[in-house]
1. Charges only on Cβ, +1 for Lys and Arg, -1 for Asp and Glu: so what's the dipole of segment A:21-79 about the Cα centre, in debye to the nearest 20?
2. Please identify the DSSP H helices in chain A that span no less than 24 Å along the helix axis (Cα) and have a mean Kyte-Doolittle hydropathy of 0.0 or more.
3. Could you work out how far the C-alpha centroid of segment A:78-94 sits from that of segment A:1-44, in angstrom?
4. Mind putting a number on the dipole of chain A about its Cα centre? Charges go on the C-beta only, +1 for Lys and Arg and -1 for Asp and Glu, and I need it in Debye to the nearest 20.
5. Determine the principal axes of the Cα atoms in segment A:34-110, then give the extent along each, sorted from largest to smallest and rounded to whole angstroms.
6. Quick one: A:His60, A:His8, fewest Cβ neighbours within 10 Å first, how do they rank?
7. Could you give P(r) for the protein assembly as shown, binned at 5 Å from zero, as whole percent values over all Cα-Cα pairs?
8. Please give every one of the lysines within straight-line cross-link reach of A:Lys104, meaning a C-alpha to C-alpha distance under 24 Å, and leave out same-chain neighbours fewer than 8 residues apart.
Number of protein chains: 2
Amino acid sequence: MGATKTEHFTDKQNALATLIKALGHPARIAIVEYLLKVDDCICGDIVNELPLSQPTVSQHLKELKTAGLIKGNVEGNAICYCIDEKAIDKLRDYFAHISTKLEKKKNNCC
Amino acid sequence: MGATKTEHFTDKQNALATLIKALGHPARIAIVEYLLKVDDCICGDIVNELPLSQPTVSQHLKELKTAGLIKGNVEGNAICYCIDEKAIDKLRDYFAHISTKLEKKKNNCC
DNA sequence: TATGTTTATCGTAATATTGCAATATAAGTA
DNA sequence: TACTTATATTGCAATATTACGATAAACATA
């Protein structure tokens, strides 16, 4: 017990959950919002922007990258990370889809 | 250490992370998708639809409700839960907002 | 080569999450 | 009242996450 029973859910559900989960932490929200704010995607100052230690930020960046939410690499002595549009679009489409379906229903009894 | 340092992030970031995190589990994705599929929102069979025990499903439902993603109550001997549109719309708007901003940038160097 | 700068990784402690058996609660029904 | 059905809560074990100090790795430059 303790581990998520991924094997019982569909691949789609697991993939979505992984993507969504990666954004389910305020530090990672903050990272994405910072990447959105800066013009340049070379943002070696990301550690200074967050109230967390350098190893912790590095770990959060890794999680975002593993999930596919950001892409990029270290280039010399600077990070070059940016948001991966495809992942954001996937999330946008998913919630738009749910929202549309809900509007069509309009039989909420609660 | 170990606990998320919510006090260092904005209220908006924390609220969003909480909402998103609630959907960051395949079982809770499956629950929302099931609620979307059934016409009726009286869905006492939700336990039978999921590959998890009744207490576990109950716990996931509670988390979704606490996060504001579903609303409703037990009515007699049946659950009456349904998706809370407001929460879904909030997520839809957030990702649509990010997506729009990304399109305007188009300076991805990665 | 030695030094400084930047990011990643390792190791570990604190905390949170997941899942379920057992049990409790609540409501309907015989 | 006793019984059945449906959901919630409790308690606990297994696992995952979060955070950071220490250290490593990669690169630039003196």
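Taken together, the values in this text are just the output of simple stated rules run on the coordinates, not laboratory data. Model, not experiment: these values are computed from the prediction. When we count neighbours, we look across all protein chains shown, and the Cβ atoms used for this are built from the backbone with ideal geometry, even at glycine.
1. Approximately 340 debye in magnitude.
2. Qualifying helices: none.
3. Cα centroid to Cα centroid, the span is 10 Å.
4. Dipole of chain A, to the nearest 20 debye: 720 debye.
5. 56, 23, 22
6. With the sparsest Cβ surroundings first, the list reads A:His8, A:His60.
7. Here the calculated profile for the protein assembly as shown is 1, 7, 14, 18, 17, 15, 11, 8, 5, 3, 1, 0, 0.
8. A:Lys12, A:Lys90, B:Lys37, B:Lys65, B:Lys71, B:Lys86, B:Lys90
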